[in-house]
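Novice: Take this structure, written in structure tokens, and hold onto it; I'll ask about it next.
The values are calculated or read from the model by the stated rules, or taken from the named source; none is laboratory data. Since we're looking at a predicted model, the values are computed, not measured. With ideal geometry, Cβ positions are generated from the backbone for all residues, glycine too; neighbour counts draw on all protein chains shown. Keep in mind that these areas ignore ligands, DNA and RNA; they rest on the heavy atoms of the full protein, side chains included. Shrake-Rupley method; radii C 1.70, N 1.55, O 1.52, S 1.80 Å.
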Amino acid sequence: QVQVVESGVGLVQPGGLLRLSCAAAGVIFSPFTMGWYRQAPGKQRELVATMTHGGTTNYADSVKGRFTISRDNAKKMVYLQMNILKPEDTDVYYCNLRRLGIDYWGQGTQVTVSS
């Protein structure tokens with residue numbers, strides 16, 4: 001059984017930074033894509049950033065230049081470095097692992113950007 005667990009919940013001031021981490025556990029055969037999504041109450045979950053097993057990245061326009069995704073394939077971990085945070089980045093952030101069209105989600109971690 002595949003499990004995905006996020007860490008890095010935080011309250012940050014505008015302009016600040018925060019790093020989220022995510023670990024995948026279980027029997028997972030490569031290749032697989034890992035990434036981050038976010039969701040505000042009453043809204044659809046939206047892509048933040050993803051990275052394929054080979055290192056190809058995809059970012060939402062709203063975070064380009066501010067957020068950086070990285071991963072450690074050997075440890076089955078993915079990270080999201082978030083810089084120059086804005087109040088509109090406040091959301092619940094979900095880690096995702098996708099393999100052969102099947103999605104595995106973490107439980108979500110709250111990120112709040114407020115002064």
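Novice: Within the stretch 1-11, count every residue that is open to solvent by less than 60 Å² (accessible area, probe 1.4 Å) and either of a type in the set (D, E) or free of Cβ contacts under 8 Å to residues at least 60 places away in the same chain (or both).
Specialist: 1
Novice: Let me ask something else. What residue, among those in the stretch 72-99 that are farther than 19 Å from G42 by Cα and free of Cβ contacts under 8 Å to residues at least 40 places away in the same chain, is least open to solvent (accessible area, probe 1.4 Å)?
Specialist: Among residues in the stretch 72-99 that are farther than 19 Å from G42 by Cα and free of Cβ contacts under 8 Å to residues at least 40 places away in the same chain, the one least open to solvent (accessible area, probe 1.4 Å) is D72.
Novice: Mind listing whichever residues of the stretch 1-24 are under 14 Å from R71 (Cα atoms) and touching a Ser or Thr at 6+ places or on another chain (Cβ under 7 Å)?
Specialist: Scanning the stretch 1-24 gives E6, L20, S21.
Novice: Would you mention how many residues in the stretch 12-35 are within 15 Å of the chain's Cα centre (by Cα) and open to solvent by less than 70 Å² (accessible area, probe 1.4 Å)?
Specialist: Residues that pass the stated criteria total 10.
Novice: OK, next. Take the conditions out of contact with any Cys (no Cβ under 7 Å at 6 or more places or on another chain) and surrounded by 15 or more Cβ atoms within 10 Å (Cβ to Cβ) and apply them to T57. Does it pass?
Specialist: no
Novice: Please work out which one of (1) farther than 17 Å from T109 by Cβ; (2) of a type in the set (G, A, S); (3) at pLDDT below 95 is the condition S62 fails and give its number.
Specialist: The one condition S62 does not meet is (3).
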